[in-house]
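For reference, the structure is listed below as structure tokens.
The values are calculated or read from the model by the stated rules, or taken from the named source; none is laboratory data. For clarity, every value in this text was computed on a predicted model and none was experimentally measured. All Cβ positions, even for glycine, are placed from backbone atoms using ideal geometry, and neighbour counts span all protein chains on display. To get the accessible areas, we keep the full protein, side chains included, count just its heavy atoms, and leave off ligands, DNA and RNA. Shrake-Rupley method; radii C 1.70, N 1.55, O 1.52, S 1.80 Å.
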Amino acid sequence: MLRGVTHGAKDTFTLLLTRSQSCNLGLKFASLWPDVANRSFLIHSNYTTDTKSREENKKTLESLYSLSVDITKIRRLKEWVLLQDVAYVKEIAGILQEMGADETTVANIIERCPEAILHTPAEINSQRALWQLVCQNEKQLIKLIEQFPESFFTMKYQQNQKANILFFQELGLKNNIITRFLTSAPNIFYNPVEKNKNVIETLQRNYLNLGGSEANMKIWILKLLSQNPFILLNSSTAIQENLEFLQKNDFTDQEVLQLLSKLKGFIFQLNSTTMQKSMLFSKNIFKCSDQELKQLVLKCPALLYYSVPVLEERLEGLLKEGISIAQIRETPMVLELTTQIVQYRIKKLSALGYDIKSGNLESLNGTKKDFEVTYGKIQSKKERPIFNPVAPLHIED
């Protein structure tokens, strides 16, 4: 049956929600907003000309050399920057140095984000003031710029950025969380603030309608945003439709709230068609009733938010290791792990003499840290002596 389903690319949310196991989250968030290349293109498009007939700007090159910038890196990645008639190399370097950046840091920033030198000093100072709204000091700011230069040097939508920063502060998000958003999810700041407010209001209204309390609503919203700021990239209509889908599938209000907490808001980035296909696939594989399927989904939301190709791939990987469908149904959370992680963990446990085929799959579950704790306990138990050699012997007279 499994081979009857066409393999496909892993969907975005699979990779996002396996962050704790794959330790590779940061690389996968890019699929949820325009990537670095696109943002560079936005700037590039303002300067694009017939580059074949143009030469590199000698003044720009001399300024970059004086800062010990590796020109070859820029040529390899974004040569078009070197062809522009106007650049503000010394001025931008001066502003970065004012904030506390040394020569090495300045060179590193420009090498990673060459288009920074195409912005005017006024634009850079405006962005500097904007980020200072949430940074403790300029030392923290320059550290963030060095780590995330692309996010800082995206100068578009500054009015929206400022309005959203103030909105998030009013909402109760801490500055360190807003800072994390600026660096890892900058696109949520490009929305008009009214759009983000509308999404938040939709979430609040649904939380109360599902039986959530007014007293806990703010905590719930802030936690949801902290876990998944990309909720704000969705429309309020999509959010409403997905919640209605769960209710139409006989999930109670309390169960829907439970799912929202477990899913960390990623349900809002799915659609009813995808969820329906995944649930039908799981129902056929596990040969269960609608009620049994609902309990499996509550136990393992992965059955809801992973696409059919991903579920198929992971099931096949488990079956190849000698694990049965019955075992997977008993511990469906194992489907949250990639095939590679499952194989690695089974190999480690097998080296200790632990037979996963006849054992419980719980030993495979959890984050990397969770597994290491489980592995340590099994290893300790295996190495423990049958008796304590230093314990006193009780000999009858």
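Quick notes on this structure:
- Just one residue in the set S278, S272 is among the hydroxyl-bearing types (S, T, Y), under 25 Å from Q247 (Cα atoms), out of contact with any Cys (no Cβ under 8 Å at 6 or more places or on another chain) and buried (at least 18 other Cβ atoms within 10 Å of the Cβ); that residue is S278.
- Answer residue from the stretch 215-239, given it is of a type in the set (S, T, Y) and in contact with a helix residue (DSSP H, G or I) (Cβ under 8 Å, 6 or more places away or on another chain) and is surrounded by the most Cβ atoms within 10 Å (Cβ to Cβ) among those: S236
- Residues in the stretch 335-355 that are under 23 Å from L311 (Cα atoms) and assigned to a helix (DSSP H, G or I): 11 in all.
- Matching helices (runs of 4 or more DSSP H) fully within the stretch 292-334 where at least 1 residues are open to solvent by 30 Å² or more (accessible area, probe 1.4 Å), in contact (Cβ under 8 Å) with a residue 40 or more places away in the chain and touching a Ser or Thr at 6+ places or on another chain (Cβ under 8 Å): 308-320
- Number of positions in the stretch 240-272 that are at pLDDT 85 or above and assigned to a helix (DSSP H, G or I): 17
- Consider the stretch 153-172 and keep the residues that are open to solvent by 10 Å² or more (accessible area, probe 1.4 Å) and hydrophobic (A, V, I, L, M, F, W, C). The one that is farthest from N216 (Cα to Cα) is M155.
- Checked across the stretch 176-184, the condition of being open to solvent by 20 Å² or more (accessible area, probe 1.4 Å), assigned to a loop (DSSP other than H, G, I, E, B), of a type in the set (S, T, Y) and out of contact with any strand residue (DSSP E or B) (no Cβ under 8 Å at 6 or more places or on another chain) holds for no residue.
- Of all residues making up the stretch 356-371, the number that are within 23 Å of the chain's Cα centre (by Cα), outside any loop (DSSP other than H, G, I, E, B) and closer than 15 Å to Q343 by Cα: 3
- Conditions (1) surrounded by fewer than 16 Cβ atoms within 10 Å (Cβ to Cβ); (2) over 17 Å from P332 (Cβ atoms): number failed by L243: (1)
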